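Trainee: The following block contains the structure, expressed as structure tokens.
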Amino acid sequence: MKIGWIGLGAMGKPMASNLINAGFELCVYNRTASKTQELENLGAKAYKSIKELTQNSKFIFIMLSDGNAIREILTLKDGVLDALSSGQIIVNMSTISPLEAQEFHSLVKQKGCEYIDAPVSGSVGAAVSKTLLVLVSGESRAKELCAPYFKALSKVSIDFGDSPKAAVAKLSINMLLGVFTQAMAESITFAAKLGLEKEKVLDMIGMSAMNTPLFGFKRELFATENFPSAFALELMSKDLGLLKQMMDEQGLNLPLSEISNKAYLQAKNEGLGKEDMSAILKTVKGDNR
């Protein structure tokens, strides 16, 4: 069965490549058409319109930056919804709010099709190495049909039940990601302000119970204070903003998340949005000159 893939950004391109390398027949669409060439070289068929891709795919995978981008490709004239026919399956792998997931689920169901939430935990390196964690929710039969594709993209999938629970799970894990990274930045800044050598502080964290895979990934960035993006700070800020929206919706008091939301928004406003999220260290240091 043909798979359609919409979105060939930093995460989408390696994920789509892995599906082709696993032997699946893939069709691709990207707003910037030149980005499809690498996938075509691997054997994908590129379509010039969303409508054509949708009409020629049983499964339509979406990997875009935010809910507004997904809403646009779903609802525009000759977009996904206009071209859907009964029985097709939409798989959203982007990070969006649970409220947006409910909205998109409803729109797709009205067309007699299924909508699967499948956001991923992991950055570009994990996308390339097929070690993502796929968080899944939706209708059981559709999830079963998608399982081989998730296996080709990830180390494991976790089924959270009905939509939009996977969207909730993604915000939950990214809450930890944001808070932990900010906490590491604050620890490093505190130690430096009181005269400790940064390399020894990094050694201490790395050899302590506080060591984590996340610290291992970010250690060199903290050491050099050079932050090439594996997961852009602006995306972390976006996700924490979605989390804040749900906290307000549910009347939740989560003070660490509130603080991190403000910190990453400040860092984005300081021009750090395109750098890795660990560039929050620059903002923490700047606030403590």
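The values are calculated or read from the model by the stated rules, or taken from the named source; none is laboratory data. The shown structure was predicted, so the numbers you read here are calculated from the model rather than taken from an experiment. Positions of Cβ are generated from backbone atoms using ideal geometry, with glycine treated the same way; all protein chains shown enter the neighbour counts. With ligands, DNA and RNA removed, areas are computed over all heavy atoms of the protein, side chains included. Shrake-Rupley method; radii C 1.70, N 1.55, O 1.52, S 1.80 Å.
Trainee: From Gly7, Gly79, which residue is free of Cβ contacts under 8 Å to residues at least 60 places away in the same chain and either in contact with a helix residue (DSSP H, G or I) (Cβ under 9 Å, 6 or more places away or on another chain) or small (Gly, Ala, Ser) (or both)? Talk me through it step by step, then tell me what you get.
Mentor: Values: Gly7 fails: free of Cβ contacts under 8 Å to residues at least 60 places away in the same chain.
Residue meeting the stated conditions: Gly79.
Trainee: Right, something else. Residue under question is Ala69, and the condition is that it be assigned to a loop (DSSP other than H, G, I, E, B), within 20 Å of the chain's Cα centre (by Cα) and surrounded by 14 or more Cβ atoms within 10 Å (Cβ to Cβ); does it hold? Spell out the reasoning first.
Mentor: Values: assigned to a loop (DSSP other than H, G, I, E, B): no; within 20 Å of the chain's Cα centre (by Cα): yes; surrounded by 14 or more Cβ atoms within 10 Å (Cβ to Cβ): yes.
The answer is no for Ala69.
Trainee: When the residues of region 127-151 are filtered to those that are buried (at least 16 other Cβ atoms within 10 Å of the Cβ) and small (Gly, Ala, Ser), which remaining residue is farthest from Glu103 (Cα to Cα)?
Mentor: Ala127
Trainee: Any residue at all in region 183-196 that's polar (S, T, N, Q) and touching a strand residue (DSSP E or B) at 6+ places or on another chain (Cβ under 7 Å)?
Mentor: Just the residues of region 183-196 that are polar (S, T, N, Q), to begin with: 187, 189.
With touching a strand residue (DSSP E or B) at 6+ places or on another chain (Cβ under 7 Å) added as a condition, the list becomes none.
No, every residue in region 183-196 fails to be polar (S, T, N, Q) and touching a strand residue (DSSP E or B) at 6+ places or on another chain (Cβ under 7 Å).
Trainee: Identify all residues within region 27-64 that are open to solvent by 50 Å² or more (accessible area, probe 1.4 Å) and either basic (Lys, Arg) or touching a Ser or Thr at 6+ places or on another chain (Cβ under 7 Å) (or both); write none if there are none. Full working, then the answer.
Mentor: Residues of region 27-64 open to solvent by 50 Å² or more (accessible area, probe 1.4 Å): 31-35, 37-38, 40-43, 45, 48, 51-52, 55-56, 58.
Selection gives Arg31, Lys35, Leu42, Lys45, Lys48, Lys51, Lys58.
Trainee: I'd like the residue in region 104-122 that is closer than 11 Å to Pro164 by Cβ and open to solvent by 40 Å² or more (accessible area, probe 1.4 Å) and, out of all such residues, is farthest from the chain's Cα centre (by Cα).
Mentor: If we filter region 104-122 for residues that are closer than 11 Å to Pro164 by Cβ, which is where we start, we get 104-106, 115-117, 119.
Those left that are additionally open to solvent by 40 Å² or more (accessible area, probe 1.4 Å): 105-106.
On the way: His105: 18, Ser106: 22 Å.
Here the answer is Ser106.
Trainee: Looking at Ile96 and the list (1) among the hydrophobic types (A, V, I, L, M, F, W, C); (2) open to solvent by less than 40 Å² (accessible area, probe 1.4 Å); (3) in a loop (DSSP other than H, G, I, E, B); (4) without any contact (Cβ under 8 Å) to a residue 60 or more places away in the chain, which single condition is not satisfied?
Mentor: Condition (4) is where Ile96 drops out.
Trainee: OK, next. In region 22-32, which residues are more than 19 Å from Arg71 (Cα to Cα) and without any contact (Cβ under 8 Å) to a residue 40 or more places away in the chain?
Mentor: Going through region 22-32, the residues more than 19 Å from Arg71 (Cα to Cα) turn out to be 22-27.
If the condition is that a residue be more than 19 Å from Arg71 (Cα to Cα) and without any contact (Cβ under 8 Å) to a residue 40 or more places away in the chain, then Gly23, Glu25, Leu26, Cys27 are the ones that fit.
Trainee: Separate question: Output yes when any residue across region 267-285 is over 9 Å from Glu234 (Cα atoms), open to solvent by 30 Å² or more (accessible area, probe 1.4 Å) and touching a residue at least 24 places away in the same chain (Cβ under 8 Å), and no when none is.
Mentor: yes
Trainee: Across region 194-214, which residue is least open to solvent (accessible area, probe 1.4 Å) among those that are under 23 Å from Ala169 (Cα atoms) and out of contact with any Ser or Thr (no Cβ under 9 Å at 6 or more places or on another chain)? Steps first, please.
Mentor: Narrowing region 194-214 to residues under 23 Å from Ala169 (Cα atoms): 212-214.
In the following step, the residues that additionally are out of contact with any Ser or Thr (no Cβ under 9 Å at 6 or more places or on another chain) were identified as 212-213.
Values: Thr212: 52, Pro213: 98 Å².
Once the filter is applied, the top-ranked residue is Thr212.
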